[in-house]
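Working notes for the structure below.
The values are calculated or read from the model by the stated rules, or taken from the named source; none is laboratory data. The structure displayed is predicted, hence computed values, not measured ones. Quick reminder, even Gly has a Cβ in these numbers, built from the backbone with ideal geometry, and neighbours come from all protein chains shown. Protein only, heavy atoms only, side chains kept; ligands, DNA and RNA dropped before computing areas. Shrake-Rupley method; radii C 1.70, N 1.55, O 1.52, S 1.80 Å.
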Amino acid sequence: MLSTIIFDKMKYYILFGPPGAGKGTQATAMVEKYNLHHISTGALLRKEIAAGSELGLKAKALIEQGCLVPDEVVEGMIENEFRTVTGVDGFLLDGFPRTLPQAEALDAILARNSDEVTATVSIMIPDAMIMERIKGRALKEGRADDASEDVINNRIATYHSQTEPLIGYYRNAGKYHEIDGTGTIEEVRDRIFSAMDKF
């Protein structure tokens, strides 16, 4: 059960896109330019895993299978970030929401403060590039959850079936902004900034 949250009026951006689209890379620049607090569910989960908490152990097993972590776990972490972070102009959500129920839960949290999602910035790349980038990341960072092709294919399939419906959800709300994720990091970053400067 989500409780009422009291926080100042600010902007709420969602960073959207398939695994390997470069969301983490671009988030750093977005946070610095617009004074945002980056909420990465992946980073929050890895922190719990490293701590060996009950949540971390549960999440680790799911992540290694390429599955999504239960909504109530993710929503609890996001709610805690909204409550405790101050001194920023907004939040950049990375990895949440990933499903329609999560999007509706986020809307409900914000609506209780008469607020709403500012915009969704969607970095899009083709499936072949997803596989290529995740494999490369696994080699560079030693991330076991990225090493298996079966796991990567499962993550791609999960993205298409559960996360892609969010495109329609936010497009219907007039909050969906698609960015071409191919090209250099700088080229993609320029496209993102051009879009965000209008919000």
Among G87, L15, G76, flag the residue with its Cα farthest along the positive direction of the charge dipole of segment 4-152, charges on Cβ as +1 for Lys/Arg and -1 for Asp/Glu. G87
Coil-residue trypsin sites (Lys or Arg not before Pro) of segment 146-191, DSSP, other Cβ within 10 Å capped at 13: none
Report the charge-dipole magnitude of segment 1-159 in Debye, nearest 20, computed about the Cα centre from +1 at each Lys and Arg Cβ and -1 at each Asp and Glu Cβ. 400
Considering the chain as a Gaussian network with a 10 Å cut-off on Cα pairs, which listed residue, A111, A128, A61, attains the greatest mean-square fluctuation? A128
Vicinal HN-Hα couplings computed from phi for segment 23-28 (Karplus, 6.51 cos²θ - 1.76 cosθ + 1.60; Hz; Gly/Pro x): 4, x, 4, 6, 4, 4
Protection proxy (average C-beta count within 10 Å per residue), highest first, orders 9-15, 65-71 as 9-15, 65-71
Among E79, E132, E141, which one moves the most in a GNM of the chain with springs linking Cα atoms closer than 10 Å? E141
Could you rank the peptides 29-37, 178-186 by their average count of other C-beta atoms within 10 Å per residue, with the highest value first? 29-37, 178-186
Dividing the convex hull volume of the Cα atoms of the chain by its residue count, what figure in Å³ per residue is obtained? 120
Of the cross-linked pairs K33/K60; K58/K135; K11/K135; K135/K198; K23/K135, which ones have a Cα-Cα span greater than 26 Å in the structure shown? K33/K60; K11/K135; K135/K198
How much length is gained on full extension from A173 to N154, taking 0.36 nm per residue of separation minus their Cα-Cα distance? 3.9 nm
A 1.4 Å probe over the protein heavy atoms gives segment 50-90 a carbon and sulfur accessible-area percentage of 53
